[in-house]
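Engineer: Sharing a structure, written as structure tokens. Questions coming.
The values are calculated or read from the model by the stated rules, or taken from the named source; none is laboratory data. No experiment lies behind these values; they were computed from the predicted model shown. Cβ sites come from the backbone with ideal geometry, for glycine too, and all protein chains shown count toward neighbours.
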Amino acid sequence: MKRFGEMLAERTFLLSALASSSITLAILAFMVFMGLPLMKEGGFFQLLLKPWAPFQGSFGIYPMIVGTGAISFLSLVFAFPLSLGCSFLIGAIGPRPVRRGFRRLIELMTGIPTVIYGFVGIFLLVPIIRELFQQGSGLCILTAALVLGLMITPTMTLFFCDSFDRIPRSFLDAADALGASPVQKLLYVILPSAKKGMLNGVILALGRAVGDTLIALMIAGNAIRVPESVLDPARTLTAHIALVIAADYDSPEFRSIFTCGIVLYLFTMAVTFLVRYLGQAEGRRE
Amino acid sequence: MKFRTLEGLTVLFSWAAGLLLLSAVSLLLGYLLIKGYQSVNLSLIFGDASPLRAVLLKERVFDGLFPAIAGTLVLVILSIVWAIPVGVAAGIYLAEYAGSRVKKVLDVFFDVLSGIPSIVVGLFGFSFAVFLHKHYSDRIGPCLLISSIALSILVLPYIIRTTQASLEGIPLDLRLTALALGATRFQNIFLVLIPRSLSGIMSGIILAIGRCAEDTAVIMLTGAVASAGLPHSLFSQYEALPFFIYYISSQYANPDELMQGYGASIILLLLCAGLFSLAYGIRKGLNYWAFYRP
């Protein structure tokens, strides 16, 4: 009887694990299944490179891919130096109370809902950008990237701090013994050995920026065309899904959102594998 | 000399970045609180209805946030109810039963799952609803049930990972004591390991609750609408706080509605900040004594 209970428990645990992992595959399967008719017509890769021209029967998602790329990349450009400075402050430079307090604050910042970043972005930052550049409505790539950059900074900073924390104690003690100041320790000991971990942080933050929906949807303007400057509005893949979903179930426009879904899925999968690969490479080296 | 300059610049740069982030966050939160604090009062939540009668479901609330708050609450509870058993069980399997090869494969799956953008999970939920609608019943469309299932998929990796990590963090001697006294594997897990790692598991669950409460992308695809009243069945559409904020930001008709948006934002912010502080607090405070059985 006891043995039967044991087996039942193990089976239940195994089943839960299998069920949860099969969801990962089920999501991809659903995307492919629903997007198949459109892909059969045009081919998956052509869809990625074709322009969006519904009246000519072309449902390529090239403008959305460019929009996603531009907004995410620009947000990284803003977030990277900011996160670097903040993680320096937390990791080595600040006095002890500042380091702890600042870390708490940043941990708390990861809990601010995305929709609130978007909400404040619309009513505070958009008018400022509109007045500053005197062009368009203020709903543009630049505004979205600024807000998105602010949103991913805490995540990136915490990843950087984690990679600083993983450095062997003996390295730091050696630097201390040689009379290094905190800055010197940071620049010549911590930073060189934390490079890989920091790269991980950047990649994961990029994944988060690409996957975010609300900020781009609320602030980037959502125009379907290839943007020419950072003051142009743009539509991201995620926002495209959110905007088109209300349409008729069987229309080709509707099918195009599954192509977007597949692209996003494959991208995050690539991010995951890259991070895993880097992690394994690091593990081997040590 | 050159090194000195570099070092000096680094210090300057770090403080500047810290101050910049601090001022950006204070600006964000300060703007929200200063513009919106006046709107936070009982009539924001209950409109013209009397609070007590509204909570007892005797009176409908028309121009208040009560339906949205109730919707979010029901949604979070449902999602967590689906996610906890499966997530904790999968975490236990990963930490205690899986062989190293199986673990490696499952690890990859859960890593991918945790990286999938929430809008894609929402799209999955939506197409699942369409699938059910076509093949099983006309009554099923995007609804509370579908939303809660999709949200539970979104937070499943959090619960699995925190469960796994806190189980794996238990030192070996504690692991072996009960086994050496003749306990079975299952008894060891339930009477020793789980109570011991409860604080870790709880903090993961609370983070998952926070994620469910704030997520907008999933619910806007799977059944959240601007006005539906209180959620009355699993198969009905519903209102939710984050969706309300999004909706107001793009569709507000007059300053009063906008003020409601500010009020809703403050409520959601306080809710999520509270949950986060709780999760971080619990990880330190709560320990296995809470569920200690003599």
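Engineer: Any residue in the stretch A:254-267 that is facing another protein chain (nearest Cβ under 8 Å) and assigned to a helix (DSSP H, G or I) sitting within a Cβ distance under 7 Å of a residue that is among the small types (Gly, Ala, Ser) and buried (at least 21 other Cβ atoms within 10 Å of the Cβ)? List the pairs, counting only those 6 or more apart or interchain.
Structural biologist: Here the result reads A:Phe258/A:Gly35; A:Leu264/A:Gly211, each pair linking the stretch A:254-267 to a residue that is among the small types (Gly, Ala, Ser) and buried (at least 21 other Cβ atoms within 10 Å of the Cβ).
Engineer: Could you look through the stretch A:13-28, keep only residues that are of a type in the set (A, V, I, L, M) and within 23 Å of the chain's Cα centre (by Cα), and pick out the one that is surrounded by the fewest Cβ atoms within 10 Å (Cβ to Cβ)?
Structural biologist: Residue satisfying both the conditions and the ranking: A:Leu25.
Engineer: Quick check on the stretch A:1-12: of everything there that is basic (Lys, Arg) and either more than 9 Å from chain B (Cβ to nearest Cβ) or within 15 Å of B:Phe190 (Cα to Cα) (or both), which residue is farthest from the chain's Cα centre (by Cα)?
Structural biologist: Of everything passing the filter in the stretch A:1-12, A:Lys2 is farthest from the chain's Cα centre (by Cα).
Residue by residue, here is whether (1) free of Cβ contacts under 8 Å to residues at least 60 places away in the same chain; (2) of a type outside the set (Ser, Thr, Tyr); (3) in contact with a helix residue (DSSP H, G or I) (Cβ under 7 Å, 6 or more places away or on another chain) holds:
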{"site": "B:Ile77", "(1), (2), (3)": "yes, yes, no"}
{"site": "B:Phe128", "(1), (2), (3)": "yes, yes, yes"}
{"site": "B:Ile160", "(1), (2), (3)": "no, yes, yes"}
{"site": "B:Ile170", "(1), (2), (3)": "yes, yes, yes"}
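Engineer: Would you mind finding the one in B:Gly64, B:Gly87, B:Gly115, B:Gly30 that is surrounded by 14 or more Cβ atoms within 10 Å (Cβ to Cβ) and at pLDDT 90 or above?
Structural biologist: Result of the check over B:Gly64, B:Gly87, B:Gly115, B:Gly30: B:Gly87.
Engineer: Find the residue count for the stretch A:168-198, including only residues that are modelled with pLDDT under 85 and hydrophobic (A, V, I, L, M, F, W, C).
Structural biologist: 0
Engineer: Here's another thing I want to ask about it. For the stretch B:120-166, what are the residues that are over 24 Å from B:Ala90 (Cα atoms), crowded, with 21+ Cβ neighbours inside 10 Å and within 10 Å of chain A (Cβ to nearest Cβ)?
Structural biologist: B:Leu123, B:Phe126, B:Ser127, B:Pro142
Engineer: With a cut-off of at least 2 residues that are at pLDDT below 95 and at the interface with chain B (Cβ under 7 Å from one of its Cβ atoms), name the helices (runs of 4 or more DSSP H) lying wholly within the stretch A:63-142.
Structural biologist: So the answer is A:96-109, A:114-120.
Engineer: Among the candidates A:Phe59, A:Phe88, which residue alone is closer than 30 Å to A:Pro37 by Cα and in contact (Cβ under 8 Å) with a residue 12 or more places away in the chain? Write out each step before concluding.
Structural biologist: Values: A:Phe88 fails: closer than 30 Å to A:Pro37 by Cα.
Exactly one residue qualifies, and that residue is A:Phe59.
Engineer: Quick one: which residue in B:Leu174, B:Leu207, B:Leu179, B:Leu191 is assigned to a helix (DSSP H, G or I), crowded, with 20+ Cβ neighbours inside 10 Å and in contact with a helix residue (DSSP H, G or I) (Cβ under 8 Å, 6 or more places away or on another chain)?
Structural biologist: So the residue among B:Leu174, B:Leu207, B:Leu179, B:Leu191 that is assigned to a helix (DSSP H, G or I), crowded, with 20+ Cβ neighbours inside 10 Å and in contact with a helix residue (DSSP H, G or I) (Cβ under 8 Å, 6 or more places away or on another chain) is B:Leu207.
Engineer: Please pick out the residue among A:Leu231, A:Leu206 that is touching a residue at least 60 places away in the same chain (Cβ under 8 Å), closer than 29 Å to B:Ser26 by Cα and part of a helix (DSSP H, G or I).
Structural biologist: That would be A:Leu206, the only listed residue that is touching a residue at least 60 places away in the same chain (Cβ under 8 Å), closer than 29 Å to B:Ser26 by Cα and part of a helix (DSSP H, G or I).
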